[in-house]
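> The following block contains the structure, expressed as structure tokens.
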Amino acid sequence: ARADGESDVKVSLAPALKGERGLVYLHVEAERIGDNDQPPIAQALVQVTDLGLSVKSGPEETLVWVTSLLDHRPVSGVVVRGLEATGETLWTATTDERGMATGAGRREGGEGGEGVTRNTRIVVASDGTDTAFLDLAEWRTRSEPYEFGLPYAWDARANGLRGIVFTERGVYRSGETGHVK
């Protein structure tokens, strides 16, 4: 027990796993009563995996890079699925020799009709013996471009062509007046 009354308790995940790796739902309820006359409860979905996921999601596409957490190398042949918040699969891809796969970004349309935006919310990667996932809406697991001083814009069209400047002729002599449109 620590001075603040909290204590660390080791929990073996081995009985819940069907092998060395997997997903385990952990529900911990304290014996003491909390401030609201209820025992404090902690819940977590724990990943025991070798698959490390790095994801960049934008309006045009979602890029997924799968690497081994043990040896830091790209992992090829991993099936990657992009899921909507409802759990519906929006896209499926397989990683290449670089460990990369791409899927759809924001999608317009769908069952809800025109104008409905369908976003990839969860990325799930599986190689048959190992599974990992990443919730793209969970802010605590993300790194944002501004944290590294990088420019960013959600709207890919923000950097698109907005106009053209041209002259009425291609060649001018010194001293001639140029007309620009």
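The values are calculated or read from the model by the stated rules, or taken from the named source; none is laboratory data. On a predicted model such as this, the values are computed, not experimentally measured, just so you know. Note that each Cβ is placed from the backbone with ideal geometry, even for glycine, and that neighbours are counted across all protein chains shown. Side chains included, ligands, DNA and RNA excluded: accessible areas come from the protein's heavy atoms. Shrake-Rupley method; radii C 1.70, N 1.55, O 1.52, S 1.80 Å.
> With a point put 7 Å past each Cα toward its Cβ, work out how far Ile164 is from Asp37 in nm, to one decimal.
7.4
> If I ignore ligands, DNA and RNA and count only protein heavy atoms, how much of Thr102 is accessible to a 1.4 Å probe, in Å² to the nearest 10?
70
> Right, another one. Heads up, I need the accessible area for His27: 1.4 angstrom probe, whole protein in place, Å², nearest 10.
Probe radius 1.4 Å; accessible area of His27 about 90 Å².
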